[in-house]
Amino acid sequence: MSDYQSIGVIGAGAWGTALAQTAAKAGRDVTLWSFEQDVTDAVNSKHENTIYLPDVKLSEAIEATTSISDLDACDAILAVAPAQHLRRVLEGFLPYARPGLPIVLCAKGIEQSSLSMMTQVLRETIPAAIPAVLSGPSFAIDTAQGLPTAVTLACADEVVGNRLIEALGTNRFRPYLATDLVGAEIGGAVKNVLAIGCGISEGKGLGKSAHAALISRGFAEMTRLAMALGAQRETLAGLCGLGDLVLTCSSPQSRNMSCGLALGRGVSLDDIMASRRAVTEGVASAPAVVELARRHGVEMPICEAVNEILAGRASVDDAIETLLARPFTLETA
């Protein structure tokens, strides 16, 4: 049995709830922290997250709470709060985090205010924690329903990484160990921005050829930025890079792609965001991705075009024409 029997999950959105369900199915005792009392009440009384993951019967081994102090005795923590709120949530958990506690970062994004990745946020808020990153092609509903899912679990400490995999893994939820945390994080953050671009293309009816081109050229952008930040190329070719990119860019079930679809069909960003309770992480991460690329001298024209549209500085049609007017170059440039 894994050393990590008691798992705390910070964040009770769809993905946090799905991971809590997965940990419970793996035989762990799970405490799920929610900011919202109505979510906590529904999980405890109905064994269902009626707001973020309805119609999924949750394990009775999941105990929900609105007191983050209730996670103080957990053997490992899954931090699933949205990227732009993670710093504040981790600061609130700091008094209850003992040295050497493994904290698995499950949010996919880059902090706008600081351009920090989630591992940097963790290092600045709970420096004595052992960081890990969970990322890969995984829709919450699939994972919660027990459909086969494979993800990357990146941890520099391979002993801790393997213990986490033993604690969370099942024959339906298959984590693969990596040691490249930067590659895992950049893959998860950039694919959200690219998925908005793919959605815009679909919404404008540009065809499947354009869709495939956006995925492949977007993958090149993702890889360039990751390597500039010290990641390994092979990490991006795995589940947390190419795998996640293909999934998120290919299904309207993705919040990011569905946002792009609506933009491509002429819906305003304000109207899209007003209609949603769940976070669309690519909208928040786009300016951070573009600025991070600029500082490192990395060319990311697709991400830049998406960011210009989101910021209201370019129309969808103008951004598309700007991309199509770019000079021809070597594919590997």
- [ ] Return the long-range amide H neighbours of ALA237 (sequence gap of 5 or more, or a different chain), with a cut-off of under 5 Å between placed amide H atoms.
- [x] LEU242
Task: Dimensionless Rg/Rh of segment 262-322 - Kirkwood Rh, Rg from C-alpha atoms - done: 1.00
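What's the extension gain from LYS46 to ARG295 if we count 0.36 nm per residue and subtract their Cα-Cα distance?
Values: separation 249, 0.36 × 249 = 89.64 nm, distance 4.89 nm.
Between LYS46 and ARG295, full extension yields 84.8 nm more.
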Task: Using a Förster distance of 22 Å, the FRET efficiency for THR170-SER59 (Cβ separation, nearest 0.05) - done: 0.95
Open item on the list: What does the extension gain come out to for ASP29 and SER216, with contour length at 0.36 nm per residue minus their alpha carbon separation?
Closed with: 63.2 nm
TODO: Using Cβ-Cβ distances only, list the Cys residues of the chain with no partner cysteine under 4.7 Å, sorted by number.
DONE: CYS74, CYS106, CYS155, CYS240, CYS259, CYS303
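Please report, in debye to the nearest 20, how large the charge dipole of segment 38-125 is about its Cα centre when each Lys and Arg carries +1 at its beta carbon and each Asp and Glu carries -1 there. List each step's numbers first, then the result.
Working: 7 positive and 12 negative charges, 76 e Å.
For segment 38-125, the charge dipole is close to 360 debye.
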TODO: Give the label of the value calculated from the structure for Rg/Rh (Cα atoms, Kirkwood Rh), choosing from (i) 0.97; (ii) 1.11; (iii) 1.02.
DONE: (i)
Open item on the list: Taking 30 Å as R0, compute the FRET efficiency from the Cβ-Cβ separation of LYS208 and LEU330 and round it to 0.05.
Closed with: 0.75
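Given R₀ = 41 Å, what would the calculated FRET efficiency be for ALA128 paired with GLN37, taking r from the Cβ atoms and rounding to 0.05? Intermediate results must be reported in sequence, preceding the final value.
Working: r = 31 Å, r/R0 = 0.75.
Computed FRET efficiency for ALA128 and GLN37: 0.85.
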Open item on the list: At 222 nm, what value in deg cm²/dmol follows for the chain if DSSP H runs of at least 4 each add -39500 (n - 2.57) and the sum is divided by all its residues, to the nearest 500?
Closed with: -14000 deg cm²/dmol
Task: Area accessible to solvent at TYR96, 1.4 Å probe radius, in Å² - done: 90
Open item on the list: Placing unit charges on C-beta atoms (Lys and Arg positive, Asp and Glu negative, everything else neutral), compute the dipole magnitude of the chain about its Cα centre in debye, rounded to 20.
Closed with: 520
Task: Exposure of GLU60 as accessible area (Å², to 10), given a probe of 1.4 Å and all protein chains - done: 150
- [ ] Answer rounded, prolate or oblate for segment 141-255, using the Cα gyration tensor with square roots of eigenvalues a ≥ b ≥ c: rounded when a/c is under 1.5, else prolate when a/b is larger than b/c, else oblate.
- [x] oblate
Open item on the list: Straight-line reach from LYS46: which lysines fall under 22 Å, measuring Cα to Cα and dropping same-chain residues less than 8 apart?
Closed with: LYS25, LYS57
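The values are calculated or read from the model by the stated rules, or taken from the named source; none is laboratory data. The structure displayed is predicted, hence computed values, not measured ones. Ideal geometry is used to build each Cβ from the backbone, glycine not excepted, and the neighbour counts take in all protein chains shown. Quick note on the areas: whole protein, heavy atoms, side chains included, nothing else; ligands and nucleic acids left out. Shrake-Rupley method; radii C 1.70, N 1.55, O 1.52, S 1.80 Å.
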